[in-house]
Amino acid sequence: MSVQRSNRGPRTTAVHAGEAPDPITGASAPNLVMSSTYVMEKPAGFSAHELDEESGFIYSRWGNPTVAQLEQKLAAMEGGEACLAFASGMAATAAVLLSALSTGDHVVVSDTNYAGTAELTRQTLPRFGIEVTTVDTSNPDNIANAMRSNTKLVWVETPANPILRITNLREAARIAHSGGAKLAVDSTFATPIATNPLALGADYVVHSLTKYICGHGDAVGGAVIGSKQAIAAIHLESTIHHGGVISPFNAWMIIRGAATLPIRMAAHQASAMKVAQFLEDDPRVPSVLYPGLASHPQHDVAAAQMDNFSGIIAFRVADGPATARRMTEKLAIIHYAVSLGHHRSLICWIGTDALMESSFQLSGKQLASYRAMAGDGVFRLSIGLEDPEDLIADLDQVL
Ligand SMILES: *Cc1c(COP(=O)(O)O)cnc(C)c1O
């Protein structure tokens, strides 16, 4: 679905973009349309190849009114022309990778990123004859040095899971474009409130909607935002043929979550800053990584390209596995669980050796550089919307 750019503020956009009172019932809130098929006014073609902008709704894998409302809202929030929603963040990631790359192409990927993305790029793409180079994209020179004549895509995640490395998106876009490649950005940790990658030169923005944009831990979804042309190419192949479409029910839940994203992000950031400060001052915590702290290695880049430092903190302790066991037994408020960006605070231990083996497969200088930030492992703490004093007290009794 494509949208008109709006010059309204981000809070008004989050509440109203993609929504309008129902013309028949006057309903103020969005309708949930679960129909899988639509009665035609006149006979239409049977192939998605015959779809055009005036086609209307025909079949819900091709397009659905509730999903379209979510897509319009997200496109407006990112300042993009068009958006496609998917069944999960990984479905959105796969959609970009599989539509932008073919056998014989080369892709440059951040060497620390979401584990699913790490495994898809390192294990699946090579099976299809796609060459993959992983580099630490927080140093733009590494991207430039990895570019080849057949590089079609640069994929970065910023802030990157789990150590919150920041990549300078203007630089990454300049390097990708000067080599004839596109730039895709997984901006899940940043959200459209912190950074609008398209405005910094990116061609595709990817979000796991499961995280901050839904915000309540009760719907899985993903999205890609970009130019009308970039999104149209993904629509036919990935939405219609690969088929990983989002349920209208999940889209409806995520529309509701997205409306409060700006005010939630302000609260996540304010609490995360307090908790990060507490951890940084605590002698039991040798190292804290939070983009909003002056001690973060790319704090300056973060301050320049993020309007909000988001709510995720990584920190180390002397004995991670023992502390993790204590947390599962004693935490009273924070849930020991994967995922992030929910109104409930979540924490989990990410051990370096296991992550390297299952997902990142780094060696040499890249492994040394990861270990310099993460040591044997980090706790990834996603700060929710509880009172920060209660979160600090909960952490204090398990550290
Ligand atoms: C969770 C996540 C994904 C995958 O999203 P799902 O909705 O779980 O498929 C991709 N990238 C990042 C940064 C994530 O945090």
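The values are calculated or read from the model by the stated rules, or taken from the named source; none is laboratory data. Computed from a prediction, not measured in an experiment: that's the story for all the values here. All Cβ positions, glycine included, derive from the backbone under ideal geometry; neighbour counts span all protein chains shown. Protein only, heavy atoms only, side chains kept; ligands, DNA and RNA dropped before computing areas. Shrake-Rupley method; radii C 1.70, N 1.55, O 1.52, S 1.80 Å.
Here are some notes:
- Label zone at residue 356 (point 7 Å along Cα-to-Cβ), backbone N below 19 Å, the stretch 147-173: 161-165
- Cα-projected label distance for residue 299 with residue 145, points at 7 Å along beta-carbon direction, nm: 2.7
- Selected from 270, 223, 85 as most flexible by GNM, with the chain as the system and alpha-carbon contacts under 10 Å: 270
- Simple rule: put +1 on each Lys or Arg Cβ and -1 on each Asp or Glu Cβ in the chain, find the dipole, and look at 192, 246, 43; the Cα lying farthest toward the positive end is 43.
- Using θ = phi - 60° in the Karplus curve 6.51 cos²θ - 1.76 cosθ + 1.60, the 3J(HN,Hα) couplings for the stretch 231-246 round to 6, 4, 5, 6, 4, 5, 6, 7, 5, 7, 8, 6, x, x, 7, 7 Hz; x is entered for Gly and Pro.
- Rounded D (µm²/s) - the stretch 262-396, Kirkwood Rh over Cα pairs, Stokes-Einstein at 4 °C, 1.567 mPa s: 84
- Per atom type, the stretch 145-263 shows carbon and sulfur on 52% of its accessible surface, probed at 1.4 Å.
- Take the chain with all the other protein chains still there, run a 1.4 Å probe, and you get 42 Å² of accessible area per residue.
- Members of 182/228; 182/211; 73/211; 73/228 lying beyond 22 Å, as alpha-carbon distances in this model show: 182/211
- Interatomic Cα distance distribution for the chain, bins of 20 angstrom, percent: 28, 57, 15, 0
- Ellipticity estimate at 222 nm from DSSP helix runs (n ≥ 4, -39,500 (n - 2.57)) divided over the chain, nearest 500: -10000 deg cm²/dmol
- Contact order normalised by residue count of the chain, Cα under 8 Å, 6+ apart, percent: 17
- Here the stretch 307-397 exposes an accessible surface that is 50 percent carbon and sulfur, computed with a 1.4 Å probe and the other protein chains kept in place.
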